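First the structure, in the form of structure tokens, and then the observations on it.
The values are calculated or read from the model by the stated rules, or taken from the named source; none is laboratory data. Remember, it's a predicted structure, so these values are computed and weren't measured experimentally. Every residue, glycine among them, receives a Cβ derived from its backbone with ideal geometry; neighbour counts consider all protein chains shown.
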Amino acid sequence: MNRKNILAVVAVALLATACDYQKNNTIKQKDFRSNDPYVYGVHPDSAARQTKLKYTAKPELEQRTIKIREKLVSQSN
């Protein structure tokens, strides 16, 4: 085989092994909050209790975020 064929085979082999890279890059540990409805909700299809919190809107914070956005956008251009 010539060098192009060998290089192609090596490239395909590297790409095939790279597909499972992140699957092995995990830590297996027990989830202590697996049955906590505050974190995961009552059942798998429900929303977590902590996401149901409602906060009152503060217009002064909205004005502040607009000023920050304008400052960031003007610097990036």
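Considering only residues that are at pLDDT 80 or above and surrounded by 10 or more Cβ atoms within 10 Å (Cβ to Cβ), which ones fall in the stretch 41-61? Passing the criteria: only V42. Pairs under 7 Å by beta carbon, first residue part of a loop (DSSP other than H, G, I, E, B) in the stretch 28-52, partner surrounded by fewer than 12 Cβ atoms within 10 Å (Cβ to Cβ) and among the aromatic types (F, W, Y), six or more apart or different chains? As it stands, the answer is A48/Y38, since those pairs meet every condition given.
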